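The numbers here are math on the coordinates, done by the rules we state, and not lab data. Bear in mind the structure is a predicted one, so any value in this text is a computation, not a measurement. All Cβ positions, even for glycine, are placed from backbone atoms using ideal geometry, and neighbour counts span all protein chains on display.
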Amino acid sequence: EAGVAQSPRYKIIEKRQSVAFWCNPISGHATLYWYQQILGQGPKLLIQFQNNGVVDDSQLPKDRFSAERLKGVDSTLKIQPAKLEDSAVYLCASSSQNRDGTAYEQYFGPGTRLTVT
Amino acid sequence: AQSVTQPDIHITVSEGASLELRCNYSYGATPYLFWYVQSPGQGLQLLLKYFSGDTLVQGIKGFEAEFKRSQSSFNLRKPSVHWSDAAEYFCAVVGTGRRALTFGSGTRLQVQP
C-alpha cells in the first residue's frame, strides 16, 4: 500500500512570495489533515478535510493560508504572501473512515520543509 | 481543551540501557493516545496507540506504553535501546468525536555507544 505522498520536499522562498504544497493521501482515506511543525515544536493542525469538505480550519491563518481538496482526494495548501514565521515543515496526514478506533490512526507523509528568507 | 505535556526536552541514554519517555495529557474523558517517532528529515511514524482495554500496549520496534488514568500519563518504554532509536518522540492525544491530533512538544532521544 502506498503511503502519503507530498511534494516538494524542500522549498526556499523570499518573504512576500507565494508557495504551494501538494499532498496525495493513502487511497481510500476520506480524512486529510495539514499540520505545521515549527522547529523544536510538535505538529499543529492547520486544517482538516472530510472528503472534500472542511471539518476544522480554526487554526488556519486565513488571511494568508488557503487549502483545497478537490474531488476528495489530492489536496493543495497555499501561502500567499509568506512571512518569515511561516518557516516550518508542513505535514500532510490521512486517516480512514472506519467505524472503529482505526479511524483515529493518522498516517503522515514525509513533509515539505519551507524556508522563508 | 485537550493538551499534552512531555516534560523532557532531551534525553541521552547508553545503548542497551532501558528507556522511559514521559507523557501527561489533559482531557475530560478517556482519550485516544498515541506515540509517534520522527527521524531526521522523515515524517511521523506511529509506534503504538491506546484506545481502550489493556492499559499496557505493545508497539513496533520493541516499544511499549502504559496508560495510567489516575496519573493522566501514557509513558513510553523500551527495555534495551538501540543506536537506531535515536530520534524525536511525540506523544499525541485525540478526543472521541474529534479526529485531529494534539501533540506534545516532543522528546529528543540521543543514544550513546
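Only Lys, Arg, Asp and Glu carry charge here, each on its Cβ (+1 for the first two, -1 for the last two); on that basis the stretch A:5-116 has a dipole of about 320 debye about its Cα centre.
Output the Kirkwood hydrodynamic radius of the stretch A:25-117, Cα pairs only, in Å rounded to one decimal.
Numbers: mean 1/r = 0.0733 Å⁻¹.
The answer is 13.6 Å.
The mean count of C-beta atoms from other chains within 10 Å of the C-beta of residues in B:71-80, rounded to a whole number, is 0. Rounded to the nearest 20, the Cβ-based charge dipole of the protein assembly as shown about its Cα centre (Lys and Arg +1, Asp and Glu -1) stands at 460 debye.
What are the trypsin sites (Lys or Arg not before Pro) within the stretch A:55-117 that DSSP puts in a loop, where the Cβ has at most 15 other Cβ atoms within 10 Å?
Working: sites: A:Lys62, A:Arg64, A:Arg69, A:Lys71, A:Lys78, A:Lys83, A:Arg99, A:Arg113; in loops: A:Lys62, A:Arg64, A:Arg69, A:Lys83, A:Arg99.
Within the stretch A:55-117, the qualifying trypsin sites (Lys or Arg not before Pro) (loop, at most 15 other Cβ atoms within 10 Å) are A:Lys62, A:Arg64, A:Lys83, A:Arg99.
Straight-line cross-link partners of B:Lys78 among the lysines, defined as a Cα under 22 Å from its Cα and at least 8 positions apart when in the same chain: B:Lys49, B:Lys61, B:Lys68. Bridging of A:Lys78 to lysines at a Cα separation below 25 Å is possible for A:Lys11, A:Lys15, A:Lys44, A:Lys62, once same-chain residues fewer than 8 apart are set aside.
Taking every residue in A:29-37 and counting other chain Cβ atoms within 10 Å of its Cβ, the average works out to 2.
Around A:Thr117, with a cut-off of 12 angstrom between Cβ atoms, what is the net charge of the other residues, counting Lys and Arg +1 and Asp and Glu -1? Spell out each step's value before the answer.
Details: positive: A:Lys11, A:Lys15, A:Arg16, A:Lys83; negative: A:Glu14, A:Asp86.
Local charge sum for A:Thr117: +2.
Considering all different alpha carbon pairs of the protein assembly as shown, the Kirkwood hydrodynamic radius works out to 18.2 Å. Within the shell of other residues whose beta carbon sits under 12 angstrom from the beta carbon of A:Arg64, the net charge comes to +2, with Lys and Arg scored +1 and Asp and Glu -1. Simple point charges give the picture: +1 on the Cβ of Lys and Arg, -1 on the Cβ of Asp and Glu, and for the stretch A:35-101 a dipole about the Cα centre of about 80 debye. Which whole-number percentage describes the relative contact order of chain A, with Cα contacts under 8 Å and a sequence gap of 6 or more? Reported relative contact order: 36 percent. A cut-off under 10 angstrom between Cβ atoms defines the neighbours of B:Leu19, and their net charge, with Lys, Arg +1 and Asp, Glu -1, is 0.
Rounded to whole Å, the principal axis extents of the Cα atoms in the stretch B:1-97 read 38, 27, 22, largest first. In this rough spin-label picture, where each label sits 7 Å from Cα along the Cβ direction, the B:Ala29-B:Ile60 distance is 3.0 nm. You can think of it this way: the chain between A:Ser66 and A:Ala2 has 20.4 nm of extra reach, that is 0.36 nm per residue less the Cα-Cα gap.
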